[in-house]
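Right, one structure below, let's go through it.
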Protein chains: 2
Amino acid sequence: MPNPTAAMLVIGDEILSGRTRDANLHHLSQQFTAAGIDLKEARIVSDDHDAIVAAVDALRETHDILVTSGGIGPTHDDITADAVAAAFGVHIDVREDAKALMEARYAKTGRELNEARLRMARIPDGAELIENDVSAAPGFRIGNVYVMAGVPSVFTSMLDRVLPTLNAGTPLMSQSIRVERAEGDIAGPLRDLAREFDDLAFGSYPFSENGVYGANVVVRGTDSARLNEAATRLHALFS
Amino acid sequence: MPNPTAAMLVIGDEILSGRTRDANLHHLSQQFTAAGIDLKEARIVSDDHDAIVAAVDALRETHDILVTSGGIGPTHDDITADAVAAAFGVHIDVREDAKALMEARYAKTGRELNEARLRMARIPDGAELIENDVSAAPGFRIGNVYVMAGVPSVFTSMLDRVLPTLNAGTPLMSQSIRVERAEGDIAGPLRDLAREFDDLAFGSYPFSENGVYGANVVVRGTDSARLNEAATRLHALFS
């Protein structure tokens, strides 16, 4: 059975304006690779209702799993939950289970569940809450879409809850070989080897350090014996 | 006149597998913001011909400018140039001007312009070369699409060449105020202020540091007097 496919949607003006460098995509990509879930595409859109709805609809239909990050806080620019509800065509309002969850947490910290915070209890009908260990407000899953926070510590905590519930595939393993020759000098033999091992994926990532040109050649696949075989051949070719 | 809009397409399995953390989007977003070009969307796709063609077509039609990074090196997984040619429906082959450029550089370094390196001289018909100060192989512009390298130092160098040729808009300026109160406590007054200053964009980015909860409130706009006015009001409200 092929691995499940996934897409990620990052929501936030702060990423596109250059104020913040996104960290959640990098974390998700590593976690999904380890779990055997193939992250095929990512999109980053601004805090714009129509842009979010269009991206959610495009990505949830073409992938088994869609993870979103960002836009579920208490401020006026947090519009992800409403946009996801619109994409699914379902009703959204403050939901009692989310409200109760937040009340329980705020009771401990002495915070007030004011109108702004109640906004974070807006959950689409039919969605299942995603709790986290960092903050009171939950994310949610609706259909194959997992709506999670943008703050990296909260995103990570939510992903820890979600990962065990996903149908994992065969983890993609990799071997990396550092070659201190310019990429243009290894490209020919590398192409031939990639054709021979057509069940594996070969990538070449050039670097230059202190005047030394080289490339990290990475082989990816799900069969460790084949990976070892390819790595042996790479060493023989390039070292 | 409204600012030009832009999109970015990052191409590379290494980003989606978590091997590499992309750096070019963050750099481009900062440079475009400073130049008054509104980066509206970014997508990241794998080294897959059809995925690249579809993303190039979608993004070049909906934005004034599309910048791509990645997939223009000498190895077999570098397929961006051919995919962009396919998206435009134009012929692509080794082009003499690109070849001459590379020969001139290689003559200085003693490198061989072998078959693999010649792959980097494949340029679509009608495209204009984008040179860079780091490596021999050029990027190119075709229509409103700027095809650039994935290696950050080369991407940066190519962008330095491209930026002065773009129709810049009015630079987006911002003021940032650090508020040491939980986001849920400032969200109400912040929403009211955002409604009053509806020519500016207000963002709120929560943090927690050593047990202190707070938010960086960022106001963006093109009129510095209005920005100062809003910043003064923010200080009065939250400090």
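Net charge near B:His26: determine it from the other residues with C-beta under 9 Å of the C-beta of B:His26, scoring Lys and Arg +1 and Asp and Glu -1. Taking every other residue near B:His26 into account, the sum is -1. Beta bridges assigned by DSSP with both partners in region B:5-165 are antiparallel in approximately 35 percent of cases. Between the beta carbons of A:Thr5 and B:Asp133, assuming R0 = 51 Å, the FRET efficiency works out to 0.85 to the nearest 0.05. Measuring nothing but alpha carbons in the protein assembly as shown and taking Rh as the Kirkwood radius, the Rg to Rh ratio lands at 1.00. Taking region A:56-74 and a reference point 7 angstrom along Cα→Cβ of B:Ala54, the backbone N atoms nearer than 18 Å belong to A:56-67.
With all protein chains in place and ligands, DNA and RNA left out, the 1.4 Å accessible area ranks B:Asp82, B:Asp97 as B:Asp97, B:Asp82, largest first. Region B:32-81 and region A:41-80 have Cα centres lying 20 Å from one another. For a Förster distance of 35 Å, can you work out the FRET efficiency between the beta-carbons of A:Ala23 and B:Asp125, rounded to the nearest 0.05? According to the calculation, E is roughly 0.30.
Here the protein assembly as shown carries DSSP beta bridges of which approximately 65% are antiparallel, counting only pairs with both residues inside.
In this structure B:Ser239 has an accessible area near 120 Å², from a 1.4 Å probe over the protein heavy atoms. To the nearest 10, the accessible area of A:Met173 is 70 Å² with a 1.4 Å probe.
The same position A:Pro2 in the other copies lies at 3.8 nm from this copy, comparing label points 7 Å beyond Cα toward the beta-carbon, shortest first. Chain B comes nearest to the axis taking it onto chain A at the Cβ of one residue; that residue and its distance, in whole Å, are B:Arg43, 2. The magnitude of the dipole of region B:124-239, with charges of +1 and -1 set on the Cβ of Lys/Arg and Asp/Glu and taken from the Cα centre, is near 160 debye. Overall, the anisotropy analysis places region B:13-108 in the rounded class: the square-rooted eigenvalues a ≥ b ≥ c of its C-alpha gyration tensor yield a/c less than 1.5.
Rounded to the nearest 20, the size of the Cβ-charge dipole of region B:5-165 about its Cα centre is 420 debye, with Lys and Arg at +1 and Asp and Glu at -1. Between copies, A:Val212 shows label-point distances of 4.4 nm, shortest first, with the point placed 7 angstrom from Cα along Cα to C-beta. Close amide H contacts of A:Ile130 (hydrogens built in the peptide plane, cut-off under 5 Å, sequence separation of 5 or more or a different chain): A:Gly139, A:Phe140, A:Arg141.
Rolling a 1.4 Å probe across the protein heavy atoms gives region B:152-191 an accessible surface of 48 Å² per residue. Residue ranking by accessible heavy-atom surface, 1.4 Å probe, largest first, among A:Arg161, A:Arg43, B:Arg119 comes out as A:Arg161, B:Arg119, A:Arg43.
Computed on protein heavy atoms with a 1.4 Å probe, the accessible areas place B:Lys99, B:Lys40 in the order B:Lys40, B:Lys99, largest first.
Sorted shortest first, the separations between the A:Glu229 label point and its copies elsewhere in the assembly read 7.2 nm; each point sits 7 Å from Cα along the Cα-to-Cβ line. Subtracting the Cα-Cα distance of B:Glu115 and B:Leu163 from their residue separation scaled by 0.36 nm leaves 14.1 nm.
With R₀ set to 56 Å, the beta-carbon distance separating B:Asp199 from A:Ala34 gives a calculated FRET efficiency near 0.75. Computed from backbone phi with θ = phi - 60° and the Karplus coefficients 6.51, -1.76 and 1.60, the 3J(HN,Hα) list for region A:26-39 is 5, 5, 4, 4, 5, 5, 5, 4, 5, 8, x, 10, 8, 6 Hz; x is used for glycine and proline. The accessible area of B:Glu196, taken with all protein chains in place and a 1.4 Å probe, comes to roughly 100 Å².
The values are calculated or read from the model by the stated rules, or taken from the named source; none is laboratory data. No experiment lies behind these values; they were computed from the predicted model shown. With ideal geometry, Cβ positions are generated from the backbone for all residues, glycine too; neighbour counts draw on all protein chains shown. Quick note on the areas: whole protein, heavy atoms, side chains included, nothing else; ligands and nucleic acids left out. Shrake-Rupley method; radii C 1.70, N 1.55, O 1.52, S 1.80 Å.
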